[in-house]
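First the structure, in the form of structure tokens, and then the observations on it.
The values are calculated or read from the model by the stated rules, or taken from the named source; none is laboratory data. Not measured: the values here are computed from a predicted model. Note: ideal-geometry Cβ built from the backbone for every residue, glycine included; neighbour counts use all protein chains shown.
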Amino acid sequence: MPTTPAQRAAAEQQQFDAAQDTAPQIRLIAGPGTGKSRTIEKRVAHILRQPGANPANVYVISFTRATCEELRGRIRNYCAGLNPPINAEQVSVRTMHSLALRILRMGNQLNQYPSEPTMLDNWEQEHIYDAELSRDLHCAPGRAADVRLAHDAQWQTLNPAYVNQSQITQEEIAGFNAFHATGQICIAADVTSLFRAT
């Protein structure tokens with residue numbers, strides 16, 4: 001069923017309201033193609049127009065590196081295209097995991113580790129993390145990746161019952177948790193992101 005003009009106008013008003021909201025933080029929850037990114041572009045521009053706004057103090061978070069990269073470009077292009085243009089180069093667009101690691105670092109919460117943890121890149125996730133997890137779970141690396149992705153999906157939705165991957169067994173969940181408890185992979189403050197020591 002196509003969207004009616006009234007429905008479109010109502011949705012656009014909600015986007016405008018979110019972009020102009022005076023709260024220090026907002027959270028957008030909506031399905032694909034509903035205008036979340038456009039609303040975020042407008043929200044960042046609105047914040048940067050405020051007197052004394054510091055772009056370095058503006059944080060935008062999303063779930064994946066790919067969406068962060070896209071969002072970063074969209075925000076910068078949108079702000080640069082305004083009249084007058086707004087410089088959004090210092091706006092920080094990060095994954096939730098990366099921001100959590102930054103906050104832990106700024107709060108000196110990582111001093112207990114022998115070296116500075118950093119985010120694993122995609123190659124390291126596949127060739128180091130998944131390979132080590134697969135040995136502990138006695139499964140193929142691809143299945144270990146399924147277990148890791150399912151755990152991430154549960155954390156990202158904040159719904160422990162949600163699994164957006166292959167069905168994961170209780171034994172695999174226990175094995176995943178045991179793998180992290182061994183200290184082989186450094187997890188700080190229950191952030192389920194994957195860290196590596198440099």
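Could we say that ALA23 is over 22 Å from LEU149 (Cβ atoms) and over 18 Å from the mean Cα position of the chain (by Cα) here?
Against the criterion (over 22 Å from LEU149 (Cβ atoms) and over 18 Å from the mean Cα position of the chain (by Cα)), ALA23 qualifies.
Just to verify a result, which residue in region 85-134, among those that are assigned to a loop (DSSP other than H, G, I, E, B) and among the acidic types (Asp, Glu), is farthest from ILE61 (Cα to Cα)?
It comes out as GLU116.
For the condition of a type in the set (D, E, K, R), modelled with pLDDT of 80 or more, crowded, with 16+ Cβ neighbours inside 10 Å and within 20 Å of the chain's Cα centre (by Cα), what is the one hit in ARG102, ARG76, ARG143?
So the residue among ARG102, ARG76, ARG143 that is of a type in the set (D, E, K, R), modelled with pLDDT of 80 or more, crowded, with 16+ Cβ neighbours inside 10 Å and within 20 Å of the chain's Cα centre (by Cα) is ARG76.
Only one residue in LEU99, LEU82 is farther than 29 Å from GLU172 by Cβ and of a type in the set (A, V, I, L, M). Which one?
It is LEU82.
Taking into account only those residues within region 146-177 that are part of a helix (DSSP H, G or I), surrounded by 12 or more Cβ atoms within 10 Å (Cβ to Cβ) and of a type in the set (A, V, I, L, M), which is modelled with the highest pLDDT?
Filtering first and then ranking leaves VAL147.
For region 38-66, name all the residues that are part of a helix (DSSP H, G or I) and basic (Lys, Arg).
ARG38, LYS42, ARG43, ARG65
Keeping to region 106-120, report how many residues are over 18 Å from ALA181 (Cβ atoms) and either surrounded by 15 or more Cβ atoms within 10 Å (Cβ to Cβ) or touching a helix residue (DSSP H, G or I) at 6+ places or on another chain (Cβ under 9 Å) (or both).
6
Confirm whether ILE47 is among the aliphatic types (A, V, I, L, M) and either in contact with a helix residue (DSSP H, G or I) (Cβ under 7 Å, 6 or more places away or on another chain) or farther than 30 Å from HIS151 by Cα (or both).
yes
Before we move on, is GLN14 free of Cβ contacts under 8 Å to residues at least 24 places away in the same chain, among the polar types (S, T, N, Q) and not in a loop (DSSP other than H, G, I, E, B)?
For GLN14, the condition - free of Cβ contacts under 8 Å to residues at least 24 places away in the same chain, among the polar types (S, T, N, Q) and not in a loop (DSSP other than H, G, I, E, B) - is met.
Only residues in region 61-78 that are free of Cβ contacts under 8 Å to residues at least 60 places away in the same chain count as the first member; pair them with residues that are surrounded by fewer than 15 Cβ atoms within 10 Å (Cβ to Cβ) and among the small types (Gly, Ala, Ser), Cβ under 7 angstrom, at least 6 apart or cross-chain, and list the lot.
Here the result reads none, with nothing in region 61-78 linked to a residue that is surrounded by fewer than 15 Cβ atoms within 10 Å (Cβ to Cβ) and among the small types (Gly, Ala, Ser).
Quickly run through region 94-111 and pick out the residues that are hydrophobic (A, V, I, L, M, F, W, C) and over 22 Å from LEU149 (Cβ atoms).
Matches in region 94-111: ILE103, LEU104, MET106, LEU110.
Any chance region 24-35 includes a residue that's surrounded by 13 or more Cβ atoms within 10 Å (Cβ to Cβ) and within 19 Å of GLY81 (Cβ to Cβ)?
yes
Just need a number here: residues in region 79-99 that are touching a helix residue (DSSP H, G or I) at 6+ places or on another chain (Cβ under 7 Å) and either small (Gly, Ala, Ser) or surrounded by 15 or more Cβ atoms within 10 Å (Cβ to Cβ) (or both).
Qualifying residue count for the region: 7.
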